[in-house]
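This report refers to the structure that appears directly beneath it.
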Amino acid sequence: MTGSPDDDHWPGPAADPDSAPDPVQRPGHITAAAVLLVVSAFISATIAVNDPELTQFVYLLLFITVGAALRLRKGGRPARVTATVTAVLFLVYLLPHAMRGLSDPGGVYQPDYAVRAILAIAISATGVTLLHSPSSRAYFRTRRHQTVR
């Protein structure tokens, strides 16, 4: 006999043509994108602690982002749209902190807010880019077709 002792030469189960197709493997970068978006939301929440006008709004976005991240891992297209929209809303919230913190260091917006805002924007942009990469689009498309069947 040739081959290794670990080879299994037993016949496998017969393929049933009526059985459901194997689930599509989730690309690892979708999980990475979900983690990056949640980390960005938490960084934004640390800035919002000192911004009483928008604290509740940012915390609401944080919870929506966490929910969308959980749904992203299951392949939900609405979750991808939700995550993208919350990332854009965080960008709108963080941009003034970044610009004013760097241009007027003695004002209300401190330079450390600017650094955190820029970090959160970069992390969020990376997460959204991963969500909209070609392999991610293919994964969400196949997940949608599987749920329709």
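Throughout, read-outs are computed from the coordinates displayed, never taken from laboratory work. These figures come from a predicted structure and were not determined experimentally. Cβ placement follows ideal geometry from the backbone for every residue including glycine, while neighbour counts extend to all protein chains displayed.
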Among trypsin sites (Lys or Arg not before Pro) in segment 65-102, those in a DSSP loop whose Cβ has at most 16 other Cβ atoms within 10 Å are Arg73, Lys74
Range of Cα positions in segment 28-148 per principal axis (Å), largest first = 55, 25, 17
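Magnitude of the Cβ-charge dipole of segment 28-148, K/R +1 and D/E -1, about the Cα centre, nearest 20 debye? Please report the intermediate quantities before stating the final value.
On the way: 11 positive and 4 negative charges, 197 e Å.
Value, rounded to 20: 940 debye.
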Computed FRET value (nearest 0.05) for Asp104 with Glu53, which takes r as the C-beta separation and R₀ as 25 Å | 0.90
Please tell me the relative contact order of segment 28-148 in percent, rounded to the nearest whole number, where contacts are Cα pairs under 8 Å and at least six residues apart.
-> 36
